[in-house]
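Asker: Supplied in structure tokens, the structure appears directly below.
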Amino acid sequence: MRQPGRGRLAALAVTVLALFVALATRLGQMELGEQASSVQAADAARTATIVVPAVRGRILDRRGIPLASNGSVVAVTVERATLLAAKDGGRSLVTAVARALGLPFERLWGRTSLCGTTGAPPQPACWNGSPYVPIPLADGVDPARALALVENPATDPGIALATEPVRAYPAPDGVNLAHVLGYIARPTRAEVTASRGALTDDSLIGRAGLEEEYDAQLRGTPGRIVVALDPRGVVTREISRVDPVPGRDLVTSIDVRVQAATEKALAAGIAAARRRGEAADSGSALVLDTRTGAVVASASWPTYDPSVWTGGISSADYARLTSPANGTPLLPRAVAATYPPASTFKAISLQAAVAAGSPLGGTYSCPPSYTIGNRVFHNFEGEQFGRISLQQAIEVSCDTVFYDLAYRSWQAQGGLAATTDARDPFVRTARAFGLGRLTGIDLPGESAGRLPDRAWKRATWEATKADLCTRAQTGYPDVARTDRARAAYLKQLAAENCATGFQFRAGDEANFAIGQGDTAVTPIQMARAYAAVANGGTLLTPRVGVAFIGPSGVRTAVAPGPRTRIAVDAAAVAYLQNALRSVVTGGTAEGAFAGFPGDWPVSGKTGTGEVFGEGTTAWFVSYAPSTAPRYAVAVVISQGGTGAAAAAPVSRQINATLRTLH
Amino acid sequence: MTVGYAAPPVVRRGSSAYLRRLDWVLFGSALALSVIGSLLVWSATQGKLLEQGLDPQSFLKKNLLNLVVGIAFAVLISRFDYRLLRAYTPILWGLSILGLLFVLVHGSRINGAKAWISLPAGLSLQPAEFAKIAIILGMAMILSEKRDAENEPRDVDVAFALGVAAIPIALILLQPDLGTVMVIATIVFGIIAVSGARARWLVGILAGGVLVAFVAIQVGILKQYQLDRLTAFTDPNVNTQTSGYNTQQARIAIGSGGLFGTGLFHGPQTQGHFVPENQTDFVYSVAGEELGFVGAALIILLLGLILWRAIVIALRASDLFGRLVATGVATWIAFQSFENIGMNLGIMPVTGVPLPFVSYGGTSMFASWLAIGLLINVHLRAQE
């Protein structure tokens, strides 16, 4: 036969060959070339990992009494598969649940949408957790109603009860301790990303206080459940499970009894100051172990109820906690607020004066005022005591004695010619006792305070001189409109500071010696400095954390901070200790401690700090028992009046409780 | 060389002669594909069946039964009297038209197409598969009759042949089953080309095809993503997000196979039921995942062997009828295999045609083996 289409058959053969080679090539490309990425895509498509948060460790007082523990609230949950299987997407089911719980349907319905998906309501109405766990339709529900709903045989089996862990604050003896405990809250997006899977959007992490400081130990290690998903994203089975490792309990040095007394005494002291007509807007009181630096109690006022953080804080509550008009209740004042130390600083100045060569046995003049250059420095309320010993100068808190000591020291250093603080005994002693730097306490947000020495004056002047020099030319026209005299004074001051603002003048040294001017300290710094006086010159690192207790009971001590031996003059310290005792027995604090039991001798120093345009800052820093010191107590009340009237009685109340411990 | 239409002698030989002269490469390749297919169907279905509390081997058993019936059909048609086959062609064609009409009225709708006739005992028939055979035989008959083989087919015959194909195509379009229409269109083009019809017919059919495709795209029958997939082969990095869940999952399955695959019953994608229809249209993804490159390429190789034999049989056919029948079968298996594997690999649009011999489905299995039977028949005739 002739061969019609023979050539065309050949063309067909070539075409088929080409197509099949193409298939084989593509197959090879997919199987051998793209394999790795495909396998990863396959794994990601098939499984999901659910992060199971570990039970958070508790925070305990030094005897093991829980200060922060774990409670739970009841949640009603629904399986995702149940919603998907329902014809109406679960609307009628959720309606029934809402009715049974007596809650609005919309609130429950919003939870059925994952946050960030299309049509989802904004946070916190949407569900922010894993898409692979039962969705909590409502949490914190009435357990009785929830049980009735789930026990009802008519209820869909996809509806279940779950308990959700929340932080609980047992408040033994009514202690609040909010500022030391801190709080836990949701991590930010950035923290979730940076955690490499350790955190999820619904994790809780420590945000302040001990919860933040020891978050890693308290949080434990989250567990992981890897589940298989069907193509709808519904969990079909569990592939693997790693159980969470519970967080470790933190034993603190806080003593519930002392803490309760400290909080009560501070609140009472502030209330009393207000009754006397003082503003008494805030305050702090804390107790430090003078031998170890352990924080036995720490209070800050105003405070707040830490349970406002449970389940996420409302924006109104947050605004209240951070509002200055409200006293910024969130601020942990014991470590983060600074005040002028005022006369409590004289414990430093006395040692500085002795280091500068003033004899301990000498007598010193205490006139009502002291003039340096053209400035007149007054004694508090213009008191005068003639020639007195240094002990008496401490006892009655005579400022003019210390002005003179400071002025003479300043002159001895070369006056204005001295450019460094290296030879300044006042600055050196203050630094040695830990002022002007962080104490290293195991609480976040600590302030270093400020020592206005020569270096600080120069740095400040460098930073502000451009503005000052402009003001020296232009003056203060806005102030002049209402107060010509003040504007003129400010202009002159600006001119002076523009030219010589870097100078550390005699007046600066005088102010420094009585803890006034720009000096700023935190209550924890003062407590620590007095603890060093009490223990004979050892500067300790304050610690709240004592030990961790693991789930199996293994106890691990919290690493102590460094202990520094201060190069003190032993005679001067002994002299100072006597002087501080006489403050309580016959000096400025005599009234506050009148009738206080003699078996618990207290040594301390009052302070009344002047703040421009405000009421005076009341201080009383002390330690007890004077004979064998155990506890340093620092009390400060902002705008509280005098230290003797406002702060010393608070310290007395705290010491009354400390006395009962021994 | 003897020419013409002298009535060919009917093949009536003993079984031993039949077996000796059988094209064993052809038969062996088809059988190997069917066995591999049965294993893949087994692997793809046993987990699902077990979960539903059914006999996990039920699909395997049905598939093996289909295979035995298919081979029986093949043996039967390969020994059928050649002249009778030609004589019965109009009847076969008419029956297939009746079947297509019946399915439009009483058919079951599966995956959007009314293409199945439900039979008792859970069986179902897909008349379009048999229509392919009717069209091949019908066109081969018309284009090889009443003409001197020296001549080109008359235009009227070509037109008549096109008409023979057009009626079932129209009925299948009504189902609608675009994939089968594409396969038949390729068969029609192949038979007309090899029949020796003038080039202008081929150009005309091609132009018509392009026009239809253009219109189809313009009115949105073919979607942009289907076109994207067609071009994906030239650019493997093309965005796969648009290629739909089914192909996405199939691609993941095939891509995770590697050289030797995960092993039968051990493919996570397959056993996790992530690829829908993976015992029928997407059975190739099971091969890709569980048998790897080696197994999946073997399927391509075996199909290639069948096509090589089919084209050789067409070349050596004793008459034009046989050649055109073999050509029709070759283009059919070639295009349908390319389309099916191509869509599994993400380079062809998803049109829902089964992979011959491998996919689960009685009608597909019967039709595939009937095609083998036709090839054997032509082959045995040529050896007379």
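Asker: State all residues of segment B:293-302 that are buried (at least 24 other Cβ atoms within 10 Å of the Cβ) and facing chain A (nearest Cβ under 7 Å); if no residue qualifies, say none.
Answerer: Taking segment B:293-302 as the starting set, the residues that turn out to be buried (at least 24 other Cβ atoms within 10 Å of the Cβ) are B:296, B:299.
The one that is buried (at least 24 other Cβ atoms within 10 Å of the Cβ) and facing chain A (nearest Cβ under 7 Å): B:A296.
Asker: Just to be sure, is A:S358 over 15 Å from the mean Cα position of the chain (by Cα), over 30 Å from A:E446 (Cα atoms) and at pLDDT below 95?
Answerer: yes
Asker: Got at least one residue in segment A:286-295 being assigned to a helix (DSSP H, G or I), open to solvent by less than 40 Å² (accessible area, probe 1.4 Å) and in the same structural domain as A:G436 (by TED's automatic domain parsing)?
Answerer: So far as segment A:286-295 goes, no, none of its residues is assigned to a helix (DSSP H, G or I), open to solvent by less than 40 Å² (accessible area, probe 1.4 Å) and in the same structural domain as A:G436 (by TED's automatic domain parsing).
Asker: Condition (residue is over 25 Å from A:V14 (Cβ atoms), of a type in the set (K, R) and in a helix (DSSP H, G or I)) applied to segment B:365-381: is it met by at least one residue?
Answerer: yes
Asker: Next up: Across segment B:59-94, which residue is surrounded by the fewest Cβ atoms within 10 Å (Cβ to Cβ) among those that are within 21 Å of B:F27 (Cα to Cα) and hydroxyl-bearing (S, T, Y)?
Answerer: Per the stated criteria, the residue is B:Y82.
Asker: Next up: Assess whether A:G283 counts as being part of a loop (DSSP other than H, G, I, E, B), surrounded by 22 or more Cβ atoms within 10 Å (Cβ to Cβ) and in contact (Cβ under 8 Å) with a residue 40 or more places away in the chain.
Answerer: It is false that A:G283 is part of a loop (DSSP other than H, G, I, E, B), surrounded by 22 or more Cβ atoms within 10 Å (Cβ to Cβ) and in contact (Cβ under 8 Å) with a residue 40 or more places away in the chain.
Asker: Okay, moving on. Could you please find all residues in segment B:163-177 being in contact (Cβ under 8 Å) with a residue 40 or more places away in the chain, surrounded by fewer than 19 Cβ atoms within 10 Å (Cβ to Cβ) and not in a loop (DSSP other than H, G, I, E, B)? Walk me through it before giving the result.
Answerer: In the first step, residues of segment B:163-177 are kept if they are in contact (Cβ under 8 Å) with a residue 40 or more places away in the chain; the result is B:164, B:167-168, B:171-172, B:174-177.
This time we only want the ones that are surrounded by fewer than 19 Cβ atoms within 10 Å (Cβ to Cβ), so: B:167, B:174, B:176.
B:I167, the sole residue that qualifies.
Asker: Would you call A:G197 modelled with pLDDT of 90 or more and either outside the structural domain of A:L288 (by TED's automatic domain parsing) or within 23 Å of A:V73 (Cα to Cα) (or both)? Reasoning before the result, please.
Answerer: Numbers: modelled with pLDDT of 90 or more: no; either outside the structural domain of A:L288 (by TED's automatic domain parsing) or within 23 Å of A:V73 (Cα to Cα) (or both): yes.
The answer is no for A:G197.
Asker: Does B:T351 count as within 14 Å of the chain's Cα centre (by Cα) and modelled with pLDDT of 95 or more?
Answerer: The answer is no for B:T351.
Asker: When the residues of segment A:596-642 are narrowed to those that are among the polar types (S, T, N, Q) and within 22 Å of A:G537 (Cβ to Cβ), which ends up most open to solvent (accessible area, probe 1.4 Å)?
Answerer: It comes out as A:T627.
Asker: Within segment A:457-567, considering only helices (runs of 4 or more DSSP H) that don't extend past its boundaries, which have at least 2 residues that are open to solvent by less than 40 Å² (accessible area, probe 1.4 Å), among the aliphatic types (A, V, I, L, M) and modelled with pLDDT under 90?
Answerer: Values: elements: A:477-480, A:484-500, A:506-513, A:523-534.
In segment A:457-567, A:477-480, A:484-500 are the helices (runs of 4 or more DSSP H) which contain 2 or more residues that are open to solvent by less than 40 Å² (accessible area, probe 1.4 Å), among the aliphatic types (A, V, I, L, M) and modelled with pLDDT under 90.
Asker: To continue, here is another question. If you take just the strands (runs of 3 or more DSSP E) that sit entirely in segment A:173-272, which of them hold at least 2 residues that are on the phi > 0 side of the Ramachandran plot, open to solvent by 40 Å² or more (accessible area, probe 1.4 Å) and touching a strand residue (DSSP E or B) at 6+ places or on another chain (Cβ under 8 Å)?
Answerer: none
Asker: It is to be established whether one or more residues within segment B:95-104 are under 26 Å from B:F274 (Cβ atoms), open to solvent by 20 Å² or more (accessible area, probe 1.4 Å) and at pLDDT 85 or above.
Answerer: no
Asker: Output yes when any residue across segment A:56-67 is open to solvent by 20 Å² or more (accessible area, probe 1.4 Å), among the acidic types (D, E) and part of a loop (DSSP other than H, G, I, E, B), and no when none is.
Answerer: Scanning segment A:56-67, I find no residue that is open to solvent by 20 Å² or more (accessible area, probe 1.4 Å), among the acidic types (D, E) and part of a loop (DSSP other than H, G, I, E, B), so the answer is no.
Asker: Wholly within segment A:315-431, which helices (runs of 4 or more DSSP H) include no fewer than the required count, namely at least 2 residues that are touching a residue at least 40 places away in the same chain (Cβ under 8 Å) and among the hydrophobic types (A, V, I, L, M, F, W, C)?
Answerer: A:333-336, A:346-355, A:390-395, A:399-412
Asker: Let me ask something else. I'd like the residue in segment B:250-275 that is more than 12 Å from every other protein chain (Cβ to nearest Cβ) and open to solvent by 30 Å² or more (accessible area, probe 1.4 Å) and, out of all such residues, is nearest to B:V358 (Cα to Cα). Spell out how you get there, then give the answer.
Answerer: Step one: of segment B:250-275, the residues more than 12 Å from every other protein chain (Cβ to nearest Cβ) are B:263-266.
With open to solvent by 30 Å² or more (accessible area, probe 1.4 Å) added as a condition, the list becomes B:264-266.
Working: B:L264: 15, B:F265: 17, B:H266: 19 Å.
Checked segment B:250-275; the qualifying residue nearest to B:V358 (Cα to Cα) is B:L264.
Asker: Something else: Need the failing condition index for B:A197 against (1) open to solvent by 10 Å² or more (accessible area, probe 1.4 Å); (2) closer than 18 Å to B:R323 by Cα, just the number.
Answerer: Status for B:A197: all satisfied but (1).
Asker: Among the numbered criteria (1) assigned to a loop (DSSP other than H, G, I, E, B); (2) at the interface with chain A (Cβ under 9 Å from one of its Cβ atoms); (3) of a type in the set (A, V, I, L, M, F, W, C), which one does B:L307 miss?
Answerer: (1)
Asker: Can you tell me which residue in segment B:276-290 is farthest from B:K48 (Cα to Cα), limited to those that are open to solvent by 20 Å² or more (accessible area, probe 1.4 Å) and either touching a strand residue (DSSP E or B) at 6+ places or on another chain (Cβ under 9 Å) or more than 10 Å from chain A (Cβ to nearest Cβ) (or both)?
Answerer: B:D281
Asker: Answer with yes or no whether A:L137 is farther than 30 Å from A:V175 by Cβ, buried (at least 18 other Cβ atoms within 10 Å of the Cβ), of a type outside the set (S, T, Y) and over 31 Å from the mean Cα position of the chain (by Cα).
Answerer: Against the criterion (farther than 30 Å from A:V175 by Cβ, buried (at least 18 other Cβ atoms within 10 Å of the Cβ), of a type outside the set (S, T, Y) and over 31 Å from the mean Cα position of the chain (by Cα)), A:L137 qualifies.
Asker: Before we move on, is B:L315 open to solvent by 10 Å² or more (accessible area, probe 1.4 Å), within 15 Å of A:R8 (Cβ to Cβ) and either more than 9 Å from every other protein chain (Cβ to nearest Cβ) or more than 14 Å from the chain's Cα centre (by Cα) (or both)?
Answerer: yes
The values are calculated or read from the model by the stated rules, or taken from the named source; none is laboratory data. Treat the numbers as computed from the prediction; the structure is a model and nothing was measured. Cβ coordinates were reconstructed from backbone atoms using ideal geometry, including for glycine residues, and neighbour counts include every protein chain displayed. Areas reflect the complete protein model, heavy atoms only, side chains present, ligands, DNA and RNA absent. Shrake-Rupley method; radii C 1.70, N 1.55, O 1.52, S 1.80 Å.
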